[in-house]
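This report refers to the structure that appears directly beneath it.
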Amino acid sequence: MDSIQQAVSETFAREASRILAALIGSVRDFELAEDALQDALLVALERWAVDGIPRNPGAWLMTVTRRKALDRLRRKNTLAHKQVQLQELLEQEQPGGEDMEDTAIPDERLKLMFTCCHPALGLEAQIALTLHTLGGLSTPEIASAFLVPVPTMAQRLVRAKRKIRDAGIPYRVPESRVLGERVDAVLHVLYLIFNEGYAAMAGSELIRRELCDESIRLARLMAQLLIQESLASEVPEALGLLALLLLHDSRREARVGEDGELVLLEDQERVRWDQQKIEEGKRILERALSMRRAGPYQIQAAISALHAQARQPEETDWPQISALYRVLMVMTPSPIIELNRAVAVAMADGPLQGLRLLEQGNLKKELSDYYLFHAAQADLLRRAGRMRDARDAYMQAYQLCANERERAFLERRLREVVVQITEEGDA
Amino acid sequence: MRYLALIYDNEAAYAAWSEEARVAEYQAYNNFGAEQAQFLGGGKALQPSNTATTVRVRDGKTLTTDGPFAETKDQIGGYYLLNCKDLDEAIEVAAKIPSATHGAVEIRPVLEFD
């Protein structure tokens, strides 16, 4: 029995999203499709134990899931619009359908991506639905990843599925006029899923790792599907995102210290970076860049690749990195990117140049509540030898910072600066 | 599918519009009606919300109050009934309603009993 259970759960893990995507395409109803798949899994457990595991378990499961959907529709006392769904399903039933094992399951997962990440759904719902339907994560798994109670997450998923059905959120590849923005929406959701696993310290390590792996898997799938559909204009950024995630993920082991504290890039043990992921990330980025349609994900991946190439922090190509931040600023202006650029410029051309950028325009005002702005400014002032100004900036950063470990770090720096000021005073 | 497009505008701001701007807006609505006719199943502009009366019946008694049901910054100024194949198409049509550029359009699917 154990081996049968394993075969069923492996088939589920491998084929669920493809089966759901194909079935939702016919019945336009997420809940019905999921229920039918659950029915089919139960049948598989029984039948495979008696008849043996079918030659093509995925196709077997698809056929039975489709029949279970038919059963459920028939039981539901055919309303007018159900007739259409029935018709579509019946047309797919082939004569002697018992042996559909060689028919490939059509791949409709790209449509599913667009539906799950439709802007008419809340961002939280988009993320949950994508993980659930395309990633195959269970409701409790997603709930624990986002630190919400299971019933809350279940409710969020049910609401999203019903809105898709009742508001007529389409199940198709968007028209070319809106294709670009809809692809961006999908990539953004995948990026957020990765970040939740990477940057946030919430949730168990196991779940967070799964979020990272899942987002990489889905980014890879998204790029493949866009290539298959010949949507060439959208491929470079999808590859760019995939490269970015791989490059970030290569540092996963090195960025957390023994006590679970964050280790800054320059302090990381670079031998612990995953070279295989770095190589793959760089290869994919090169492919993306060769298509000559640069975008923010590709630029960010290029910055990450430059960090990955440096075996020592001193080898980092800061002039190139600051140039890339400049490009990024033009594409997607934001105060956070400007701050990063200022830090890169300081590394390339000296702290005074960086400080000049920090003091330019509205940056100081826009980031006045952001402790990392003050921490970065303090660091540059310290390196420029302006110790009293550095002290004031460290104080501000310390007061704004809520993270215990970061506060401890800032306090240490603050002491160092104060000691220097005292020594200078004595001298 | 059928959707109701509820058009919200800031009446106070509209009151300050120049005559020219109002004529242009009127023209824009006319053009919208002509260009999107294939999607429109009717629609009307409404008198301002200070003409609204809200009616409730409690314990068999009819209570009427002056003004709209909800006091909000923006008020419903009109509606269209849209016939569209799905939400994407409805969003596209709604985005062309002139008020979408200065007010907002809420699209709600019609609950069909079939």
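The values are calculated or read from the model by the stated rules, or taken from the named source; none is laboratory data. Keep in mind it's a predicted model, so treat the numbers as computed, not measured. Glycine gets a Cβ as well: all are built from the backbone with ideal geometry, and neighbour counts include every protein chain shown.
List of remarks:
- Residues satisfying the criterion are absent from the range B:67-80 (criterion: modelled with pLDDT of 95 or more and of a type in the set (D, E, K, R)).
- One residue from A:GLU258, A:GLU314, A:GLU279 being exposed (fewer than 15 other Cβ atoms within 10 Å of the Cβ) and closer than 27 Å to A:VAL345 by Cβ: A:GLU314
- Inter-residue pairs, beta-carbon under 6 Å, first touching a residue at least 40 places away in the same chain (Cβ under 8 Å) and farther than 22 Å from A:LEU218 by Cα and in the range A:2-26, second of a type in the set (D, E, K, R) and part of a helix (DSSP H, G or I), 6+ apart: A:SER26/A:GLU88
- Picking from residues in the range A:159-201 that are part of a helix (DSSP H, G or I), of a type in the set (Ser, Thr, Tyr) and at pLDDT below 95, the one that is nearest to the chain's Cα centre (by Cα) is A:TYR198.
- In the range A:218-239, the residues that are over 24 Å from A:ALA13 (Cα atoms) reach residues that are of a type in the set (S, T, N, Q) with C-beta atoms within less than 7 angstrom, at least six apart or across chains, in these pairs: A:PRO236/A:GLN298; A:GLU237/A:GLN298.
- Filter pass, A:ALA393 being aliphatic (A, V, I, L, M), closer than 22 Å to A:PRO333 by Cβ and crowded, with 21+ Cβ neighbours inside 10 Å: no
- Flag if B:ALA100 is under 30 Å from A:LEU121 (Cα atoms) and more than 14 Å from chain A (Cβ to nearest Cβ): yes
- Pairing each residue of the range A:144-159 that is among the hydroxyl-bearing types (Ser, Thr, Tyr) with any residue that is in a helix (DSSP H, G or I), provided the two are 6+ apart or on different chains, yields C-beta distances under 6 Å for A:SER144/A:ILE207.
- Filter result (surrounded by fewer than 24 Cβ atoms within 10 Å (Cβ to Cβ) and either of a type in the set (Gly, Ala, Ser) or in a helix (DSSP H, G or I) (or both)) within the range A:217-233: A:ARG217, A:ARG220, A:LEU221, A:GLN224, A:LEU225, A:ILE227, A:GLN228, A:SER230, A:ALA232, A:SER233
- The residues of the range B:103-114 that are within 14 Å of another protein chain (Cβ to nearest Cβ) and either more than 24 Å from A:PRO174 (Cβ to Cβ) or of a type in the set (S, T, N, Q) (or both), listed by number, are B:LEU111, B:GLU112, B:PHE113, B:ASP114.
- Hits in the range A:144-188 (condition: within 22 Å of A:ARG209 (Cβ to Cβ) and either within 11 Å of chain B (Cβ to nearest Cβ) or buried (at least 22 other Cβ atoms within 10 Å of the Cβ) (or both)): A:ALA145, A:MET153, A:LEU187
- Residue within the range A:402-409 that is assigned to a helix (DSSP H, G or I) and among the polar types (S, T, N, Q) present: no
- Segments classed as helices (runs of 4 or more DSSP H), wholly inside the range A:1-116, with at least 1 members that are within 30 Å of A:ARG156 (Cβ to Cβ), modelled with pLDDT under 75 and within 34 Å of the chain's Cα centre (by Cα): A:80-92
- Matching residues in the range A:299-319 - criterion: being touching a Leu at 6+ places or on another chain (Cβ under 6 Å) and not aliphatic (A, V, I, L, M): A:GLN300, A:SER304, A:ASP317
- Yes/no for A:TYR325 being of a type in the set (Ser, Thr, Tyr), in contact (Cβ under 8 Å) with a residue 24 or more places away in the chain and within 30 Å of A:ALA301 (Cα to Cα): no
- Count - residues of the range B:67-77 that are surrounded by fewer than 18 Cβ atoms within 10 Å (Cβ to Cβ) and either without any contact (Cβ under 8 Å) to a residue 40 or more places away in the chain or of a type outside the set (Asp, Glu) (or both): 7
- Residue check for B:ALA5: more than 15 Å from B:ASN83 (Cβ to Cβ) and not in a loop (DSSP other than H, G, I, E, B): no
- Which listed residue, of A:LEU61, A:LEU41, A:LEU20, is out of contact with any Asp or Glu (no Cβ under 9 Å at 6 or more places or on another chain) and not β-branched (Val, Ile, Thr): A:LEU41
- Taking the listed residues B:GLU19, B:GLU89, B:GLU71, B:GLU35, the one that is more than 15 Å from the chain's Cα centre (by Cα) and within 14 Å of chain A (Cβ to nearest Cβ) is B:GLU89, with no other qualifying.
- When the range A:9-43 is filtered for residues that are surrounded by fewer than 21 Cβ atoms within 10 Å (Cβ to Cβ) and in contact with a Phe, Trp or Tyr (Cβ under 9 Å, 6 or more places away or on another chain), the ones remaining, listed by number, are A:GLY25, A:LEU41.
- Taken over the range B:1-20, the residue count meeting the criterion of being out of contact with any Phe, Trp or Tyr (no Cβ under 7 Å at 6 or more places or on another chain) and surrounded by 12 or more Cβ atoms within 10 Å (Cβ to Cβ) is 10.
- When A:LEU244 is tested against (1) within 20 Å of A:LEU218 (Cα to Cα); (2) surrounded by fewer than 16 Cβ atoms within 10 Å (Cβ to Cβ); (3) of a type in the set (A, V, I, L, M, F, W, C), exactly one condition is not met: (2).
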